[in-house]
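These notes are about the structure you will find just below.
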Amino acid sequence: MTGAVYPVPPEVAARARIDRAEYDHRVASAAANPESYWMAEGQCLDWITPYTRAKATSFDEGDFGIRWFADGTLNVSANCLDRHLATRGDQVAILWEGDEPGETRRITYRELHAEVCRFANVLKGRGVRRGDRVALYLPMIVEAAVAMLACTRIGAIHTIVFGGFSPDSLADRLRDCDVRLVVTADEGCRGGKRVPLKANVDRAVANCPGVSDVIVVRRTGGAVTMVEGRDRWWDVEMATAAPDCAPEAMGAEDPLFILYTSGSTGKPKGVVHTTGGYLVWVTTTFRDVFDHRDGDIFWCTADVGWVTGHSYVVYGPLANGATTVMFDGVPNYPDHGRFWKTIDLLGVTIFYTAPTAIRALMREGEDWVTASSRASLRLLGSVGEPINPEAWEWYHRVVGDRRCPIVDTWWQTETGGMLIAPLPGATDLKPGSATKPLPGVLPEIVDAEGQVLSGACEGNLVIADSWPGQMRTLWGDHDRFFQTYFTTYPGKYFTGDGCRRDEDGYYWITGRVDDVINVSGHRMGTAEVESALVLHPKVAEAAVVGMPHDVKGQGIYAYVTLNAGEAASDELRQTLRAWVRTEIGPIATPDAIQFAPGLPKTRSGKIMRRILRKIAEGDTSSLGDISTLADPSVVESLVAERQ
Ligand code: PRX
């Protein structure tokens, strides 16, 4: 069915905030007068001090800088909470659904406001000040949103570490940005299993002298060790904290959060987002791409440990006064009908998930879906990786009963929010395409030399000018920020993605063109997995590439060379898989490990990844030119031994 086009349903266009004419108008006004366009967009927020200028940005080396609404001041929690109290104080802000069905919690805007103020006071009481870093290592519980918003209330910078990361990965992040206080829970629950969050924090913090305080939410009641003077219970601290706390006036360019993400080299990098531009971006993109209206129940299934959770579970929805679902479970527990039953249970109107989840559930058959009504749904969304047309069609036909448009949204941790995505009332859909740029976003496709291509073409995706939600720097390494994103194609932001544009101007993301792989919508640097593998005493060398995977999109394929005298075995393969899980976390577990006597290298010693990728893909007929290899015979044995 590739090539299908789904026109905007007339009833959707009629009710939508933005129809085709309005989209065209916005694109044209953003192009004609960017400053006045962005000046107006910034008005979606309440500012303490109004800004007098919107855009002050340059991607050029000489005067490089990215500043938006820079002389304005505002407070994120006031925009997400206080400004809604008069009109929707009793509306549910967060609808929480636990890992076990039946475990639910509803918290109104008024209640959330009081909780956030209380926790802001708890943080202040522990000596946390404006600009200090606070780490959250939490399950998907209401307290995660409370802690995020409490940080923003007092101007502390949060850094959320996904609960699936190992103690070592957590410690790396805590040290990199010099975290003072960690918020965690006794244990997390995932698919009926327990995750020892507090125990992991204990192991991580043992190597982080800068952490003076740990606050522990009681989630399961499981036994934990509390360290005298350092550890405190959330409920005990909250019981005596005052429910009011004045919001701090933050500069638009003050850092809001740091979120670590994988790059093609070295350790994860701390992506820094700032206060004003980020909040404008997630507020407007949430409103427009999901065409949000009063009464919607919005469910984004992402974890707050990833950028999608930041932007579209917490900040975007709450800034719009929406009701947002937080789900602490997994799609296949207690059974494969969990998503669809929960949609009925909560009356979800907009559902936003990742292709990997759709593919996994698609395999289980339609009955799990059709056992639910899903009558409340009106819009579906996809994020995190390319969605194959087959999964798109299934999502549309089976989950959405052919009624619900699908917004396939392309963006990145670095972009803060969506950049290429359909607007349900304006954009005809093509399965597998993220469609067109949002107004004011200027994508370009360039060839390897940086030549801008026109019309229908394929190449690398860059963005020619800044948008408010763009990351501002890498924590502690502004130079690396510039080098990573602005030197491949000088004067443009390089996304790291390959992309095709068709004759209708639709964008089709083809996947990463760097050494980053996308496993189940989670970003993983091949270099990170390699570093973990070579830490094992039996491993001499490792090279990691992506391989196609039916459900995960990409799997992790590792070539491992053992030290002299070490024997390859299935047992060692299992040991190395377990090793990587412990070093980084379960999401980094290699799907395949091939023991290789040697790796294909050029005469200067550079590993030829292109060849390793082809072998991992099973595409050994077109390995290309291998004559430049130091020892071309290596390739033959690699092909013969393919896993
Ligand atoms: O390759 C693109 C892919 O995910 C990468 C960004 O990953 P991350 O920073 O973890 O953010 C994920 C959530 C926004 C991109 O470089 N990607 C994300 N969304 C899509 C996508 N690829 C194709 N289509 C998408 N809708």
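The values are calculated or read from the model by the stated rules, or taken from the named source; none is laboratory data. Keep in mind that what you see is a predicted model, and the values were worked out from it rather than measured. Positions of Cβ are generated from backbone atoms using ideal geometry, with glycine treated the same way; all protein chains shown enter the neighbour counts. Calculation scope for accessible area: heavy atoms of the full protein, side chains included, ligands and nucleic acids excluded. Shrake-Rupley method; radii C 1.70, N 1.55, O 1.52, S 1.80 Å.
Note down the Stokes-Einstein diffusion coefficient of the range 501-556 in µm²/s, whole number, using a Kirkwood radius over alpha carbon pairs, 37 °C, and 0.692 mPa s. Can you show the working numbers first?
Details: Rh = 13.0 Å.
Result for D is 252 µm²/s.
Can you find, among VAL325, CYS208, VAL236, the residue sitting farthest towards the positive end of the charge dipole of the chain, where Lys and Arg contribute +1 and Asp and Glu -1 at Cβ?
In the chain, that residue is VAL236.
Distances longer than 14 Å among the Cα atoms of the range 577-643: what percent of all pairs is that?
61
Taking the Cα centre of the chain as origin, work out the dipole magnitude from +1 charges on Lys and Arg Cβ and -1 charges on Asp and Glu Cβ, in debye rounded to 20.
Computed about the Cα centre, the dipole is about 780 debye.
Which value, in Å², gives the accessible area per residue of the range 156-236 when a 1.4 Å probe is used on the protein heavy atoms?
Computed with neighbouring chains in place, this is 39 Å² per residue.
Roughly how many percent of the accessible protein surface of the range 17-103 is carbon and sulfur, given a 1.4 Å probe and a whole-percent answer?
Heavy-atom surface of the range 17-103 belonging to carbon and sulfur, 1.4 Å probe: 51 percent.
Taking only protein heavy atoms and a 1.4 Å probe, what accessible area per residue, in Å², does the range 1-97 have with all protein chains in place?
It amounts to 51 Å² per residue over the range 1-97.
Hey, how many Å between the Cα centroid of the range 559-634 and the Cα centroid of the range 331-390?
If you average the Cα positions of each part, the centres end up 36 Å apart.
Let me spell out the model: positive unit charges on the Cβ of Lys and Arg, negative unit charges on the Cβ of Asp and Glu, origin at the Cα centre of the range 230-312. What dipole size does that give, in debye rounded to 20? Please report the intermediate quantities before stating the final value.
Values: 6 positive and 12 negative charges, 90 e Å.
Its charge dipole is roughly 440 debye.
Could you tell me what percent of the DSSP beta bridges with both partners in the chain are antiparallel, to the nearest 5?
Around 60 percent antiparallel, to the nearest 5.
Taking all protein chains as present, what is the carbon and sulfur share of the accessible area of the range 488-643, in % to the nearest whole number, probe 1.4 Å?
On the way: 3340 of 6800 Å².
Roughly 49 percent of what the probe reaches on the range 488-643 is carbon or sulfur.
Find the relative contact order for the chain and round it to a whole percent, using C-alpha pairs within less than 8 Å whose residues are 6+ positions apart.
13
What number in nm² do you get for the range 72-192 if you take the convex hull of its Cα atoms and divide its surface by four?
8.7
In µm²/s, what is D for the chain at 20 °C and 1.002 mPa s, where D = kT/(6 pi eta Rh) by Stokes-Einstein and Rh is the Kirkwood radius from Cα pairs?
Answer, rounded: 84 µm²/s.
With +1 on the Cβ of every Lys and Arg and -1 on the Cβ of every Asp and Glu, and nothing else charged, how large is the dipole of the range 329-464 about its Cα centre, in debye rounded to the nearest 20?
Here the size comes out at about 580 debye.
What number, in percent, do you get for the relative contact order of the range 208-312 if the mean sequence gap of Cα pairs under 8 Å and at least 6 apart is divided by its residue count?
16
Work from the charge dipole of the chain (Cβ charges, +1 for Lys and Arg, -1 for Asp and Glu, about the Cα centre) and give the residue of ILE626, LEU123, THR353 farthest towards its positive end.
Farthest along the dipole direction, towards plus: LEU123.
Kindly flag which residue pairs out of LYS269/LYS492; LYS267/LYS614; LYS492/LYS614; LYS55/LYS606; LYS492/LYS538 have an alpha-carbon separation exceeding 32 Å in this structure.
LYS55/LYS606; LYS492/LYS538
Per residue, how many Å² of accessible area does the range 362-424 show with a 1.4 Å probe? Could the numbers behind the result be given before it?
Details: 2010 Å² over 63 residues.
It amounts to 32 Å² per residue over the range 362-424.
Which one, TRP475, THR495, GLN451, projects farthest toward the positive side of the charge dipole computed for the range 408-516 from Cβ point charges (K/R +1, D/E -1)?
After comparing all options, I get TRP475.
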